[in-house]
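Before any comments, here is the structure.
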Amino acid sequence: MTGGSWGLARFVVVRLAATVALLLVASFVVFGLLHLTPGDPARNLLGPRTPNPETLAQIRAQYHLDEPFWQQYLSWLTGVLHGDLGHSIRGNVSVGALIADRAVLTLQLAGLAFVFTLLIALPLGIGAAFRAGSPMDRTVSVLAVVGVGAPSFAVGMLLIYVLGVQWRLFPIYGNGDPGWDRWWHLVPPAITLAIGLAALVYKLTRTAVLNELRQDYVTFARSRGLSHRQTRQLALRNAMIPIVTSLGLVFAFLFGGTILVEVTFGLGGLGALLASSVTFKDIPVVQAITLLTAAVIALTALAVDLTYLVIDPRVRQRATS
Amino acid sequence: MTSLAGLGPADLVDPDDRARRRVPLIPVLCGIPLVAVLFCALFSGWLVPDAAKGDIYSARLPAGSPGHLFGTDQVGRDILQMSIAGARTAIIGPVVIALGSMLIGLLLGTLAGYRGGVVDLLLSKYADLLLALPSTLIALVVAGLVDGGYWATVAVLILLFSPTDIRMIRGATLSQATRPYIESARVLGLSSRRIMFRHLVPNVLNVALTTMLLNVAFALVSMSALSFLGLGIAPGQPDWGRQLSDGRDLLSINAAASIVPGVLLIVTATAINLLGDWWQERAGVEA
Amino acid sequence: MPQPSVTRRTVLQGTGAAALVALIAACSRPGGDKSDNNAATGKFSAQEIDELVVAIPATLSTLYPGQEAGNFNYYVAALVAEGLVAPDGTGKLVAALAESWKQTDPTTYVYTLRKDAKFSDGSPMTVDDVLYSIELARSDKHSPNIAYYWANTKSVTKTGDREVTIALKSPDVAFEWGPCAANALWITSKKYVEAHDGKLGTPDAFLMGTGPYRVTKFQPDSTVELERVDTWWGGQAPVKKVRIDFIEEESTRLLARESGDIDLALAISLDQAQQWEDTEDTTVMFAPDRSYVGIDFNTAVEPFDDIHVRRAIAMCCDRKAFVDKLLGGHGEVATALTTPQQIESVLGGADAAREALAPVLEIDFDVDAAKAELAKSKVPDGFSTTVGVSTSAPQISQAFQALAQAVDPLGIKIEVKEMPVEKWYGTIGSKDWGLAYMWYFNATGDPAELATWFFGEGNPASFSNDDVNDLMEQQRKETDPAKRVQLIIEAQQVALAELPYFPLWWGEAATAINDHYTIEEFGSYTFLSPWTPRILTRES
């Protein structure tokens, strides 16, 4: 038992170390690639007017853009290690202050959409698997194909029109005030995100459950006289493994893929900021968002693996031995 | 960017095709529009040679105007002709993307699955890295580096699709590599390259084909979504995604300008998707 | 200069959506025509309004226009902070925080400050505050977007209790527009800025000034909220609260108007103006926005160093068709760099202004003449080139597409390439882009604003002409406004004969408003000085 928990601790530590390494590589790759792209943030700050060389030089010095690449990267890295994410060139504010609220909003949006996705997809997927081949199964399966292809912008507009303009149930756009109002504002965009993803999660849930139901052990359990309910529970428990794996990816995808919905619903989240910061070459902002997204994705993967351990004792044994 | 990186057909496959009656209705129903689109794509230069030419004096005509069944766009191009010619970019790019990313997937995925060890580790870390970065970021940065353009978009999507394909093929290879026939090939002293290309690859191809069909549909939608980054088809060239977005501003004047390419896009994507599903089930692809 | 606002509505391009939106649009108004279309008539008067919700199609990352000088940064700042002078409805400069000013010699301006000006925190405005604010505006670090405007300033000194004297290095009549919130000065409290670590306009340090409103909330990428103050020297504005929401997606903004969530939508898309007009209880107002759109030929790049090539391309532009077809008639064919609105207060009316500008450039659309021109050039059989167009400028992209078709029979191939606006900046004056364009919003009512840049050093066409330089030098010193306008027009006439620039059109902005309200004397300068007092309410 003691050996097991030590093993578990080692597993977590190794994974965390790997995550840090991944973040480091990602930050370097993004920093390097951004450097290679043409364009000059100082020039962008000055707008279309042909800039005066001294002004340009002064701004470049102010943001350390005149230093060699390595030095810029290292001073950025040193700053990050000291908890300073740098200074946004475009907004003239610290990056931490700039992205904190937006990160919260994007997390809330992704979280809510995740919950909606599960609420829609899991019951339908499991139900369809238990009644494979039935008219209900067929109907939902066809709807899922449409759902996968439904563009989020179109769904968003439809929701705004129906829920906001016609029924006046939800606000049409905007962040709302922190708290209850915020969540209320996030419902339509979260549904929009959930509709596309639910179709996928539905498909994979149905597949996973079907897969288990056809395993030998289920047939065996049935023949041993276990009740319908008991065999189903057994199958569901085992089907959870592939489902949980993909749910981790689904959340990560949600967190990194909110941009279209943010723009449609006039939300000030990370997605829109990332896109404009890349074209502006506001490198500190891009770096911070990259790190944050990569960290969320890596930590989600870790959480998924830990969930595995809870669900499946066999995996626990392998991981900790 | 619709590709949910990391998931693939293997996760979505109905493991038991006996569960459904195989009615050849689906391939027929999906085949008709696809053949039509393919025909337009191949022969658009001959069917509508002047699709990209417009006349500003007949700009913004509503649908049903004489000589312009679906009206014209902002610069006076005929919507019908543009939509026929638009099949070309709609089909060619996604097919190249699916082929390209699958080629990478086959090469690196079989390598990783078969060789294991350091190669496997490096390749899976590469896939992790690509999956961890926001796809918008990758697309924008690559757009800046290679200066936009249709083929640049294709390249970006190959890059974005490849980690999923690598994982898929790696998984399929792993499940094959432990099978008795590979073992016996080894025992027989066949070189590892020969084992890989003569035995493994053909068995993995089934998975590859299914993934590719799904990828074509994903790529079709993704390509149009990327055009906002300045990545994609040049303005004025016939392309469904482009027409759709340009046409949005014309809704009150000529709604057909966006509805026609929009419907074509949705029908094509759905047809390919359904065909992919059907193939999966028929072939009984396994994880 | 305010930059064309970058909107990310294009983000949604090609997401397979339009079909659905079209359906929504088609279903929601089966009748098409609506009865209250001429609702703009009726009686309006100044009445108290509790809250006005404004939607702009862009996001603001800071409220201080010195740091980010988009049009909308100016419009919001105009409600909060003021300069020493301000433009009136016709573009004439009038007193703001200076109760009077005079030019004592060609390089010296003396401003006498108002006694009754207070900041929104209640503290009185002092000469020190003015000196400090000018210092901020002159600093490249704090105000990268406007500091160039102060480059000719020699000194700024306190010359009395309520008097500030600004000395220039060399005479420049256009300087009058410098200390103006429509251009390059927002007077703020020194104490306030110092208490906020030298920051101004950020979410931690709101913009603060002497205007009719104070900022109560600022979420970049989302919203700004303003609340009326009782410290404004101009009295109390009729609107108690102004909320400015950032909605980049035009369809969402339209639906927000349809539901009544927003009252005023600035800079609506000209293409969708009809849909806005069809929306219930909504009026669309059009006004020239002093913007200039024109082709830049880089005369240092082959084959555009050849005037015959430039003329051939210009003759293939059917500018009348561009305005009628691409802008839906909301704009006018440009004949000069100066817009009519910048000289109408001097010449006494819009018609006189147009008449004065008409002879500056006379090139007619004539494809046959263009062929003859090209035959005389170094490239009689044509050539290929690429033009970079910002994704935020769909009409300009369409104009170049139409031009590409028009020049095609001449053997000239023009490829239109769309790019993010920042990348477009890089094409201006670049040797890699012989054919380019300028979309310029004149910040001021100064008629030489664009000409000073376009004919001066480092101009985007690599253009240089001694006669033009002479004329421009003369106008800088000319204190008689009418004579100065003549000199500026003459300079453009000489310069444009060589065709380094080919003006295409002068733009118009469309504003949609809840037809319960209207904007008094709506025009091109409306949003550049405190504008809520102009909002009138319909009498019931």
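Bear in mind these aren't lab numbers, they're just calculated from the coordinates by the rules spelled out. Because the structure is a prediction, the values reported are computed rather than measured. Note that we place each Cβ from the backbone using ideal geometry, even for glycine, and neighbour counts take in every protein chain shown.
For chain C, the dipole from Cβ point charges (+1 on Lys and Arg, -1 on Asp and Glu) about the Cα centre works out to 820 debye, to the nearest 20.
Oblate is the label for the range C:433-484, because the ratio a/c of its alpha-carbon gyration tensor axes (a ≥ b ≥ c) is 1.5 or higher and a/b is not greater than b/c.
Candidates C:Ala334, B:Met102, A:Thr307 compared by Cα position along the dipole of the protein assembly as shown: farthest toward the positive end lies A:Thr307, with charges placed on Cβ. With unit charges on the beta carbon (Lys/Arg positive, Asp/Glu negative), name the residue among C:Ser139, C:Ile166, C:Asn152 whose Cα is farthest towards the positive pole of the charge dipole of the range C:128-167. Going by the charge dipole, the pick is C:Asn152. By the count of other C-beta atoms within 10 Å, a proxy for reagent exposure, C:Phe502, C:Phe44 are ordered fewest to most as C:Phe44, C:Phe502.
Counting pairs of alpha carbon atoms under 8 Å apart in space and at least six apart in sequence, what relative contact order in percent does the range C:228-372 give?
Result for the range C:228-372 is 19 percent.
Extending 7 Å from the Cα toward the beta-carbon at both B:Val146 and A:Ala100 defines two label points whose distance is 4.0 nm.
Hey, what's the Cα Rg ratio for the protein assembly as shown versus the globular rule of thumb, 2.2 N^0.38 Å?
Rounded to two decimals, the normalised Rg is 0.99.
Computed from point charges on the beta carbon alone (+1 for Lys and Arg, -1 for Asp and Glu), the dipole magnitude for the range C:163-231 about its Cα centre is near 80 Debye. In terms of its alpha-carbon gyration tensor, the range C:128-189 comes out oblate; a/c meets the 1.5 threshold, while b/c is at least as large as a/b. Which value, in debye to the nearest 20, describes the size of the charge dipole of the protein assembly as shown about its Cα centre when Lys and Arg Cβ atoms bear +1, Asp and Glu Cβ atoms bear -1, and nothing else is charged? Taking the Cα centre of the protein assembly as shown as origin, the dipole is about 5780 debye. If you take the Cα centroid of the range A:208-267 and the Cα centroid of the range C:179-224, the two points sit 53 Å apart.
With a threshold of 20 Å on the Cα-Cα distance, the over-threshold entries among C:Lys376/C:Lys417; C:Lys102/C:Lys477; C:Lys169/C:Lys477 are C:Lys376/C:Lys417.
Listed by chain and number, the aspartates and glutamates placed with their C-alpha closer than 18 angstrom to that of A:Lys203 are A:Asp137, A:Glu212, B:Asp11, B:Asp14, B:Asp16, B:Asp17, B:Asp277, B:Glu281, B:Glu286; residues fewer than eight positions away on the same chain are left out.
From other protein chains only, count the Cβ atoms within 10 Å of every residue's Cβ in A:224-230, then give the mean.
On the way: counts 0, 0, 0, 0, 0, 0, 0.
The shielding value for this peptide is 0.
Counting neighbouring Cβ atoms within 10 Å and putting the fewest first, the residues A:Leu34, A:Leu270 line up as A:Leu34, A:Leu270.
In the range A:11-108, one over the average inverse separation of all distinct C-alpha pairs is 15.7 Å, which is the Kirkwood hydrodynamic radius. Projecting each Cα onto the charge dipole of chain C (Lys/Arg +1, Asp/Glu -1 at the beta carbon, about the Cα centre), which of C:Ala495, C:Leu93, C:Pro65 comes out farthest on the positive side? Final value for the positive-end residue is C:Pro65. Under 17 Å of direct C-alpha separation, and excluding same-chain neighbours fewer than eight residues apart, C:Lys240 reaches these lysines: C:Lys217. Using a simple spin-label model with pseudo-atoms 7 Å out from Cα toward Cβ, A:His228 and C:Asp197 lie 6.7 nm apart.
Our estimate of slack between C:Thr104 and C:Glu277, defined as 0.36 nm per intervening residue step minus the Cα-Cα distance, is 57.2 nm.
Database remark: amide H of C:Met285 closer than 5 angstrom to the amide H of C:Thr511, C:Ala512, C:Ile513 (H placed geometrically; neighbours at sequence offset of 5 or more, or on other chains; Pro and chain starts carry no H).
Each of C:Phe383, B:Phe70 has some number of other Cβ atoms within 10 Å of its Cβ, and from fewest to most they run C:Phe383, B:Phe70. Expressed as a whole percent, the proportion of Cα-Cα pairs in chain C lying more than 40 Å apart is 26%. Pull up the cross-link candidates among the lysines for B:Lys125, meaning alpha carbon to alpha carbon under 22 Å and not fewer than 8 places away within one chain. Once the sequence-local lysines are set aside, nothing remains near B:Lys125. Considering helices alone, the calculated mean residue ellipticity of the protein assembly as shown at 222 nm is -16500 deg cm²/dmol, with DSSP H runs of length four and up weighted by -39500 (n - 2.57) and normalised per residue.
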